[in-house]
Amino acid sequence: LDLESNRIKKGEEIKILKIEKNLKSKIDIPELNFPVYIKGKVDRVENCNGITRIIDYKTGKVTQDKIEIVDWADLASDYDKYSKSFQVLAYTKMMQDQNSLDFPVEAGIISFKNLKSGFLKFGKKDKPRTKNKETAINREILEAFEVELKKLIIEICDPEIPFKEKEI
């Protein structure tokens, strides 16, 4: 609540649009002979100074580097590193499919054990160690995400590719 109060005191205009909204979206994959749906529950959608933000709350500690991506092909390959980016992009995709978005959009995490960092925005970088990143999610970003999402679903559905147990 202090974080919210401070945002308003700093002059941010905040309008909460959705709380714990159930989302569901059909993913058209011609290579598969059955329908595929993804679903989830987005914690919060707000409008902040005219920009829609899709927010997921995390009780653990999340840092900015856990919500950035350089190479789209890595998105589905390293769960620990990219799961948060994958999740907020999936929420954004589902909201787009429900025609409830005006672009550009921001998506990200609020980490309860890293509240001082505030809203950690998803970012697409061109190079690994650069500070420059694109945080506005547009149709092009979602199309790149959807390509990787479809590849992952096709791989999951391929009986020739064995599942690998996640190492702990």
Subtracting the Cα-Cα distance from 0.36 nm times the residue separation, let me have the gained length for D102 to T63 in nm, one decimal.
-> 11.3 nm
Around N114, what is the net charge, scoring Lys/Arg as +1 and Asp/Glu as -1 over all other residues with Cβ under 9 Å from its Cβ?
-> +4
Can you give the Rg to Rh ratio for region 43-168, taking only C-alpha atoms and Rh from Kirkwood?
-> 0.97
Packing-based order for 84-91, 6-13, using average beta carbon neighbours within 10 Å, highest first | 84-91, 6-13
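Per-residue counts of other Cβ atoms within 10 Å, averaged by peptide: what ranking do you get for 70-79, 132-141, 102-111, highest first?
102-111, 132-141, 70-79
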12 Å beta-carbon shell around L142, net charge (K/R +1, D/E -1) = -2
With no solvent and one point on each alpha carbon, what is the Debye value of log10 I(q)/I(0) for region 72-136 at q = 0.15, 0.29 Å⁻¹?
-> -0.56, -1.31
Cα gyration tensor of region 32-110, axes a ≥ b ≥ c as square roots of the eigenvalues: rounded (a/c below 1.5), prolate (a/b > b/c) or oblate?
-> oblate
So what is the accessible area of region 120-168 per residue, in Å², with the probe set to 1.4 Å?
-> 80
For region 8-67, build the convex hull from the C-alpha positions and give me its volume per residue in Å³.
-> 156
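Can you give me the % of accessible surface on the chain that is carbon or sulfur? Probe 1.4 Å, all protein chains present, nothing else counted.
After summing per-atom areas, the C and S share lands at 49 percent.
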For S100, net neighbour charge (Lys/Arg +1, Asp/Glu -1) across residues whose Cβ lies under 10 Å away = 0
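The values are calculated or read from the model by the stated rules, or taken from the named source; none is laboratory data. Bear in mind the structure is a predicted one, so any value in this text is a computation, not a measurement. Every residue, glycine as well, gets a Cβ built from its backbone with ideal geometry; the counts of neighbours run over all protein chains shown. Keep in mind that these areas ignore ligands, DNA and RNA; they rest on the heavy atoms of the full protein, side chains included. Shrake-Rupley method; radii C 1.70, N 1.55, O 1.52, S 1.80 Å.
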